[in-house]
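Where a number appears in this text, it was derived from the coordinates with a stated rule and is not lab data. If you're wondering where the values come from, they're calculated on a predicted model, not measured in any experiment. Cβ placement follows ideal geometry from the backbone for every residue including glycine, while neighbour counts extend to all protein chains displayed.
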Amino acid sequence: MAKDLGEQNREAFARYKADVKKEGKPFFPFAMYHDTVMSLVVVCVIFGLAVIWYLDADGVKPGILGPWYTGPADAGTTSFVPRPDWYFYFLFYLLRIFKWPETVFIATVGIPTICLILLIGLPFYDRRRERRPLHRPVAMVAAILTIVSMAVLTWKGATAKEALGSELVLLVPSWAEEQGFQNDQAAVDGATLFAQSGCLNCHIYLGEGAGNLGAPDLSAVGKTNDASYFVQYLTNPAAFGNKVMGGYAYLGQENLAALGAFLAASDGPK
Amino acid sequence: MAKRSSHGKLVETVVLRPLDWTDERTAVVRGTKWFLLRNVPRDSSWMQTLGSAALTAFIVQALTGVILAMYYEPSSAVDPKTGDPIAYSTIVTITNDVTLGWLVRGMHRWGASVFIILLYLHMGRVFLFGAYKYPRELTWVTGVLILATGMLLGFTGYLLPWDQTAYWATVVGINLNGTAPFLGPWLAQFLASGPEIGSSTLPKWYSLHMLLLPGALIALIFVHIYLVTRLGVSSPPWSKEAAGRERPPVEQTGARAGLVRGGGGD
């Protein structure tokens, strides 16, 4: 006499409708009262955040909730650390885990797409009638793992180390010594440019830098190619199949040549 | 007596007749009663307010967004007066000069975060209650689409101030879209309106941010609320008086028959 799931579902819903009709309370005014109070709280919180943000910051000077705005958009600077809004931090950090360029699309497209499909499909693969949390151990463990991993990724993304150009420039002499290009003026100029231009916001060089977006460690990149190859690469990374890194053609031939010399001279610490 | 009846007549002609007239043609009065005077489970409480709280945050976004659109200009051309891009200059003006402009912009900016947080909390509540199960599967699906659209709104809105934060986050975001197989390069090209972010990027994102995406979101919200109203909200699954609870059959066998009433519950 076991009824099939569809029949049980329909019976339970018919029972739900009868109960609500007989024992329920009208949405207006009872539930609407709760909704109204909650909505007022929400508006007050938004208002409060806006006030704190405004009073604590001043123009480009950040307060506890960040600045009003940063400097105007300038495609010519590369020292700016790209940082999305907080609800994309998990994605931002996920990109550090995967290595560029072969697997980076796993982080950018693969994992988010799979998560979205799993989320949309939830009612279609979790079809049991049971609704009590303690009787749904698999669902609860999955939910806790999801929340914890999202929280960890968001936290890691929020606290990801940023490389400051002004501090990195001080390291140029030690880089030159370790790599042995002290007497190559073009390479030293290139190293300075490399430190100032925010390359280390993504790349790693001799233990410095972020390893962001799956960008490779460049400490020994000079072993792989020569200066003219690096100049061409920097001019248009997309031509080499790298869709993540932007082009640096605007730096001009002289600067690109210096960067090329620096990268070619970086053949690993002696 | 005469006074009351003339008063009644006045109400009849000024209020009830026009309402009847409108309802006969649109069913709007019946619809409002259907929405407002429906019953909800006796045990529904604060936990079921997160959805309407998210709706409130969205309404704040819509209202502040309309006001911002009156002052904002999506142009990356240089403003001769300030020497900065026009979009950036209008944001600076809104923040510093327009009366209460800082408040409207601040509420729009922080309202976005509050909206996303409330969507997550609302989703968590629905998951905890198992409220996505039969017959509310499509309510869940529209809810997930609302979350995805909300995040896209955040992504497109982030570029609009045209400051360094906005610009560089978007450069990276577009490049990341470009890594997708097949559609990726095409999508990146579409979003940037060319091989790189340029003067036509900003109007495109502005249009997506204030026309297409909010339109889609409003449509989804309407479907979502219609489904919630039609199917009702779930009782907490642990509630003793949950609507739709199982009634264990009364067992009346053996020597105790008639002495012990009921098998379980109350």
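The modelled label-to-label distance between B:T22 and B:E241, using points 7 Å beyond Cα along the C-beta direction, is 3.6 nm.
Packing-based ranking of B:179-187, B:105-113, A:134-142 yields B:105-113, B:179-187, A:134-142, ordered from highest to lowest mean Cβ neighbour count within 10 Å. Here the spin labels are modelled as points 7 Å beyond Cα on the Cα-Cβ line, and at A:A143 and B:L183 they lie 3.0 nm apart. Ranking B:L128, A:A107, B:I67 by how far each Cα lies toward the positive end of the dipole of the protein assembly as shown (charges on Cβ) leaves B:L128 at the top. A Förster distance of 25 Å, applied to the separation of the beta-carbon atoms of A:A75 and A:K156, puts the FRET efficiency at 0.30.
Among the residues of B:40-51, the average count of other protein chain beta-carbon atoms within 10 Å of the residue beta-carbon is 5. Taking other C-beta atoms within 10 angstrom as a stand-in for reagent exposure, A:R127, B:R125 fall in the order A:R127, B:R125, fewest first.
Determine, from the Cβ-Cβ distance of A:C44 and A:Y250 and an R0 of 41 Å, the FRET efficiency 1/(1 + (r/R0)^6), rounded to the nearest 0.05. About 0.30, to the nearest 0.05.
Toward the positive end of the charge dipole of chain A, about the Cα centre and with charges on Cβ (Lys, Arg +1; Asp, Glu -1), which of A:A75, A:L55, A:L206 goes farthest? About the Cα centre, the residue reaching furthest to the positive side is A:L55.
Can you give the FRET efficiency for A:M32 and A:D58, using 1/(1 + (r/R0)^6), R0 = 45 Å, r = Cβ-Cβ distance, to the nearest 0.05? My answer for the efficiency is 0.60. With a 10 Å cut-off around each Cβ of A:105-115, the average count of Cβ atoms from other chains is 3. For the peptide B:233-242, the mean number of other protein chain Cβ atoms found within 10 angstrom of a residue's Cβ is 3.
Relative to the dominant Cα principal axis of chain A, helix A:185-196 is inclined by about 20°.
The packing ranking of peptides B:198-207, B:53-62, highest mean first, is B:53-62, B:198-207, where packing means the average number of other beta carbon atoms within 10 angstrom of each residue.
Each peptide in B:37-44, B:239-246 was scored by the mean count of other Cβ atoms within 10 Å over its residues; highest first, the order is B:37-44, B:239-246.
In this label model, B:L138 and A:E208 are separated by 6.0 nm, measuring between points 7 Å along each Cα→Cβ vector.
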